[in-house]
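Enquirer: Quick one: this structure, given as structure tokens, is what I'll be asking you about.
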Amino acid sequence: MIIGYRVRRRELTEPLLEQLVRSGFRHLEWDWKWDGNSKSPVPSTKELMYAKDICSQYGLTISIAGPNGLSIAEKVMPLRQVSLQLWKELYQASEYLKAKWLVMELGSAGFKSGNSSKKRDRVGIAKGVIGEIVQAVDDGPLLLLENQRRLPEASQKCYLGDDANDLLYCLEALPEDRSGVIFDTGHALIEQVPEHTLRVLCSSIKAFHLHCNDGVTDNHHSLRQVDIDANKSYWESVIDMIHTGVPAVLEIEPLSEALLTKRLIDEYRSE
């Protein structure tokens with residue numbers, strides 16, 4: 001069983017890694033959510049060398065959660081080309097790190113999720129761009145697409161990837177040994193039937209982002225026994241997959257709360 005922890009870009013420090021290793025974590029996901037203030041959403045050579053060396057020193061495998069705000073489904077061609085080039089650089093950076101995977105979100109669009117024709121067109125754009133990114137490296141890490149939360153019906157916006165079929169459609173263009181889904185357990189709880197989404201994507205899931213919420217707000221709280229009891233079939237299926245070898249990255253803060261979830265998963269046995 002491989003349990004990892006998400007670490008934000010500037011929190012990758014020796015004391016934190018010491019604590020993670022002592023607590024039994026075996027994997028670290030470097031969260032490269034771009035705030036728009038730095039010069040580039042791509043790690044610098046110095047940052048890459050530091051991350052590679054420190055993870056090697058502590059015996060941790062690594063993955064990267066790519067930045068949002070770089071939409072590969074952008075309608076405007078010049079902007080899409082900029083995003084494509086930056087994602088290629090991120091994928092090459094992942095290869096340099098010997099990362100297990102790079103996480104990608106498909107982006108958002110200014111229409112309701114139920115607008116199937118518009119949505120398929122935009123997801124189709126993403127599908128073509130993803131294929132180009134994977135070809136940028138001969139033998140790179142997994143490129144994992146993340147399922148997104150469903151926005152309320154009244155919203156005039158949607159996230160591409162808030163429907164399992166969006167992800168399956170994109171994966172058609174990618175080699176199976178280089179791609180897959182990273183299943184976000186919290187996103188699937190919001191405005192969706194989570195066990196259905198899990199079942200549809202099950203054969204494509206290569207890793208989990210694990211956290212919980214109240215089904216309304218994506219607030220990343222720890223998983224508790226009461227949450228499992230409220231949605232037993234869903235959470236037991238997730239935990240069973242983790243116990244059989246699918247890696248799980250805990251997206252829970254603070255670390256003390258993440259440790260409660262780790263202990264629950266470590267000790268949990270379905271009836």
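FYI, it's all coordinate maths here, none of it is from the lab. Because the structure is a prediction, the values reported are computed rather than measured. Cβ coordinates were reconstructed from backbone atoms using ideal geometry, including for glycine residues, and neighbour counts include every protein chain displayed.
Enquirer: To make sure I understand the rule: partners must be aspartates and glutamates, Cα under 18 Å from the Cα of Lys262, and not fewer than 8 residues away in the same chain. Which ones qualify?
Expert: The qualifying aspartates and glutamates are Glu18, Glu29, Asp184, Asp227, Asp229, Glu236, Asp240, Glu251, Glu253.
Enquirer: Let me ask another. Over the chain, how many percent of alpha carbon pairs lie in each 5 Å bin up to the one with the longest distance?
Expert: 1, 6, 13, 17, 19, 18, 14, 8, 3, 1, 0
Enquirer: Got a sec? How would Lys127, Lys39 order by Cβ neighbour count within 10 Å, fewest to most?
Expert: Ordered by Cβ neighbours within 10 Å, fewest first: Lys39, Lys127.
Enquirer: With a 10 Å Cβ neighbour count serving as the proxy for reagent exposure, in which order, fewest first, do Met1, Met77, Met104 appear?
Expert: In order of increasing Cβ crowding within 10 Å: Met77, Met1, Met104.
Enquirer: What percent do you get for the relative contact order of the range 1-127 when only Cα pairs under 8 Å and 6+ apart count?
Expert: 24
Enquirer: Let me ask something additional. So, in nm, how far is label Asn68 from label Ser117 when the simple model puts each one 7 Å beyond its Cα toward the Cβ?
Expert: My value for the distance between the label points is 3.0 nm.
Enquirer: Length gain on complete extension for the stretch Tyr169 to Ser256, per 0.36 nm per residue less the alpha carbon to alpha carbon distance?
Expert: Gain in length upon complete extension: 27.5 nm.
Enquirer: For the chain, with a Gaussian network of springs between Cα atoms less than 10 Å apart, report the residue from Asp138, Asp214, Asp53 with the top mean-square fluctuation.
Expert: Greatest mean-square fluctuation among the candidates belongs to Asp138.
Enquirer: Between Gln225 and Glu132, what is 0.36 nm times their sequence separation minus the Cα-Cα distance? Round to one decimal in nm.
Expert: Stretched fully, the Gln225-Glu132 segment lengthens by 29.2 nm.
Enquirer: Same structure, new question: Can you tell which of Gly180, Gly110, Gly131 shows the greatest fluctuation in a Gaussian network model of the chain with Cα springs below 10 Å?
Expert: With Cα springs under 10 Å in the chain, the top fluctuation among Gly180, Gly110, Gly131 is at Gly110.
Enquirer: Hey, another quick one. In what order do Cys170, Cys55, Cys202 fall by count of nearby beta-carbon atoms within 10 Å, going from fewest to most?
Expert: Cys202, Cys55, Cys170
Enquirer: Go ahead and estimate [θ] at 222 nm for the chain from helices alone: -39,500 (n - 2.57) per DSSP H run with n ≥ 4, summed, over the residue count, rounded to 500.
Expert: Calculated from helices alone, the mean residue ellipticity at 222 nm is -12500 deg cm²/dmol.
Enquirer: On full extension of the chain, what length is gained from Gln57 through His196, given 0.36 nm per residue of separation minus the C-alpha to C-alpha distance?
Expert: 46.0 nm
Enquirer: Rounding to the nearest 20 debye, state how big the charge dipole of the range 97-174 is about its Cα centre with +1 on each Lys and Arg Cβ and -1 on each Asp and Glu Cβ.
Expert: Charge dipole of the range 97-174: 300 debye, to the nearest 20.
Enquirer: Another question about this same structure. Would you mind working out the magnitude of the charge dipole of the chain relative to its Cα centre, with +1 at each Lys and Arg C-beta and -1 at each Asp and Glu C-beta, to the nearest 20 Debye?
Expert: Dipole magnitude for the chain comes out near 600 debye.
Enquirer: Hey, for a label at Lys33 modelled as a point 7 Å past Cα toward Cβ, could you say which residues of the range 98-114 have their backbone N under 17 Å away?
Expert: Zone members listed by number: 103-108.
Enquirer: Restricting everything to alpha-carbon atoms, can you work out Rg to Rh for the range 109-246 with a Kirkwood hydrodynamic radius?
Expert: For the range 109-246, the value is 0.98.
Enquirer: Leaving out same-chain residues fewer than 8 places away, which lysines sit with a Cα under 26 Å from that of Lys157?
Expert: The reachable lysines, counting only those whose Cα sits under 26 Å from Lys157, are Lys33, Lys75, Lys112, Lys118, Lys119, Lys127.
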